[in-house]
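These notes are about the structure you will find just below.
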Amino acid sequence: MKIKILQKYLIAEFLKYFAVALLSLTAFYIIVDFISNIGAFTKHSPEFKYVILYFIYKLPEIIYRMLPLSVLLATLLSISFFNKNNEITAAKSSGLSMFRFFAPLIALGLALSVFAFLLSNFIAVKSNVLRRVVMRRHINKDKSYNAGSVYKYRTRNIFIHYKRCIITAKVMEARSKMIKGVNVYVFDDKFALIKRYIAKTGYFDENGLKLAYGQEDKFNFETAPGFSQKSFKAIVIPIYLNLNFFRSYTLKPEFLSIINLSDMIAVAKKSESGLSYVLTSYYSKISYPVINLILILLGISMGLLLGKKGNSPVSVGISLLSAFVWWIINSIALSLGETAQLNPFLSAFMADIIFLSFALYLITDID
């Protein structure tokens with residue numbers, strides 16, 4: 001019974017420190033963001049209510065980003081408080097396993113990871129779109145901008161990589177599925193140009209890309225004359241695209257849920273283009289929430305190892321240093337994954353794996 005009371009007390013202390021840390025970090029983030037965007041907020045003299053609305057819509061994303069550091073801070077500060085009052089010593093002297101003692105805290109870490117995942121994919125994504133609309137439409141006074149503009153089709157200066165082809169076009173009409181001013185470059189497996197199609201218009205359907213009124217150029221420099229050309233009124237090329245290929249894949253993951261990214265993966269696999277970038281973004285949507293649980297484990301093991309030396313300043317310093325190290329590792333790994341220099345799954349989970357390994361190494365000695 002006494003152990004359950006101590007466990008409830010531990011959770012209560014954790015939640016207290018967690019709330020203070022999250023509120024403080026969120027407030028600090030908002031202040032820094034406001035100062036960094038002060039020029040944009042004042043340039044067009046918007047009503048101040050829209051600036052407030054901007055930060056209200058950004059709040060879910062801020063909370064999502066600040067959760068891991070808040071979790072680590074709260075864990076270290078809670079254990080520091082318990083060490084200071086000899087509560088950990090009392091639990092150990094009763095013969096209770098530290099794994100069992102901290103089980104409720106670990107379960108809470110798992111719950112926070114699930115909460116972060118849901119927050120990112122089903123709340124923050126929508127609020128981020130609304131935030132973008134407020135910034136562009138009401139603060140920057142671009143009245144033509146709306147929620148659909150965030151995911152708008154690329155309608156001019158089209159450039160698409162599809163398998164061994166590169167398609168360019170001057171204009172795309174989404175409703176008619178037609179492109180104008182079309183150039184299609186076809187390459188062999190050594191990426192040597194073998195064909196080029198130039199056409200006035202092109203149309204996408206289930207049979208492929210239909211080009212109208214153009215010319216076909218063939219290149220074969222190993223034989224004479226090496227170049228041939230012929231005109232056509234209509235021709236069908238085995239390029240199977242749909243309008244999803246014209247979506248702007250340069251969107252940041254904060255505007256895309258894991259469901260959106262799943263759809264994009266299917267498109268990227270079909271086109272054999274941009275797959276590494278999309279997969280890395282997809283896996284990062286899972287890896288970032290998981291860090292909350294990992295930091296609970298790390299905080300427990302480090303808090304116990306530090307003992308009474310782990311006072312508040314030390315806990316804050318360790319938390320900030322850990323956050324900085326994780327951010328550096330994660331940023332480098334994601335960059336390598338997006339550019340296909342590292343496996344997308346490994347790049348997204350690289351920082352988590354390193355921190356989890358370190359936490360497990362330390363936690364083996366907590367008893």
* **So residue 136, is it closer than 22 Å to residue 255 by Cα, surrounded by 17 or more Cβ atoms within 10 Å (Cβ to Cβ), within 18 Å of the chain's Cα centre (by Cα) and charged (D, E, K, R)** => no
* Structure fact -> Filtering the stretch 56-82 down to residues that are farther than 16 Å from residue 123 by Cα and either modelled with pLDDT under 80 or among the hydroxyl-bearing types (Ser, Thr, Tyr) (or both) yields 70, 75, 78, 80
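What are the residues in the stretch 130-162 that are among the charged types (D, E, K, R) and either in a helix (DSSP H, G or I) or touching a residue at least 12 places away in the same chain (Cβ under 8 Å) (or both), if any?
Initial filter on the stretch 130-162 (among the charged types (D, E, K, R)): 131-132, 136-137, 141-143, 152, 154, 156.
Once the filter is applied, which keeps residues that are among the charged types (D, E, K, R) and either in a helix (DSSP H, G or I) or touching a residue at least 12 places away in the same chain (Cβ under 8 Å) (or both), the stretch 130-162 yields 131, 132, 136, 137, 141, 152, 154, 156.
Test residue 128 against the criterion of being crowded, with 19+ Cβ neighbours inside 10 Å and under 20 Å from the mean Cα position of the chain (by Cα), and give yes or no.
Considered against the rule, which asks whether it is crowded, with 19+ Cβ neighbours inside 10 Å and under 20 Å from the mean Cα position of the chain (by Cα), residue 128 comes out as yes.
Table: residues versus (1) over 28 Å from residue 60 (Cα atoms); (2) at pLDDT 95 or above; (3) part of a helix (DSSP H, G or I); (4) not assigned by TED's automatic domain parsing to the domain that holds residue 165.
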position	(1), (2), (3), (4)
189	yes, no, no, no
194	yes, no, no, no
234	yes, no, no, no
240	yes, no, no, no
261	no, no, yes, yes
269	yes, no, yes, yes
289	no, yes, yes, yes
* Residue by residue through the stretch 1-46, note down the ones that are farther than 18 Å from residue 107 by Cβ, in contact with a helix residue (DSSP H, G or I) (Cβ under 6 Å, 6 or more places away or on another chain) and in a helix (DSSP H, G or I). => 21, 22, 25, 26, 29, 30, 41
* To do: For residues that are touching a Gly at 6+ places or on another chain (Cβ under 9 Å) and under 20 Å from residue 277 (Cα atoms), tally how many sit in the stretch 318-349.
  => 6
* Asked: Taking residue 181 and the conditions (1) outside the structural domain of residue 47 (by TED's automatic domain parsing); (2) assigned to a helix (DSSP H, G or I), which numbered condition does it fall short on, given that it satisfies the others?
  -> (2)
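Being in a helix (DSSP H, G or I) and either loosely packed, with under 13 Cβ neighbours inside 10 Å or at pLDDT 95 or above (or both) narrows it down to one of 105, 53, so name that one.
Within the list 105, 53, the selection yields 53.
I'd like the full set of residues that are within 17 Å of the chain's Cα centre (by Cα) and in contact (Cβ under 8 Å) with a residue 40 or more places away in the chain, limited to the stretch 331-367.
Selection gives 334, 337, 338, 339, 340, 344, 345, 347, 348, 349, 351, 352.
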* Mind listing whichever residues of the stretch 190-238 are touching a residue at least 40 places away in the same chain (Cβ under 8 Å) and more than 37 Å from the chain's Cα centre (by Cα)? => 197
* Taking the stretch 271-287 as the region of interest, how many residues are among the charged types (D, E, K, R) and assigned to a helix (DSSP H, G or I)? -> 1
* Listed residues 146, 157, 183; which is farther than 30 Å from residue 66 by Cα and modelled with pLDDT under 90? -> 157
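The values are calculated or read from the model by the stated rules, or taken from the named source; none is laboratory data. Remember, it's a predicted structure, so these values are computed and weren't measured experimentally. Don't worry about glycine lacking a Cβ; one is built from the backbone with ideal geometry, like all the others, and counts go over all protein chains shown.
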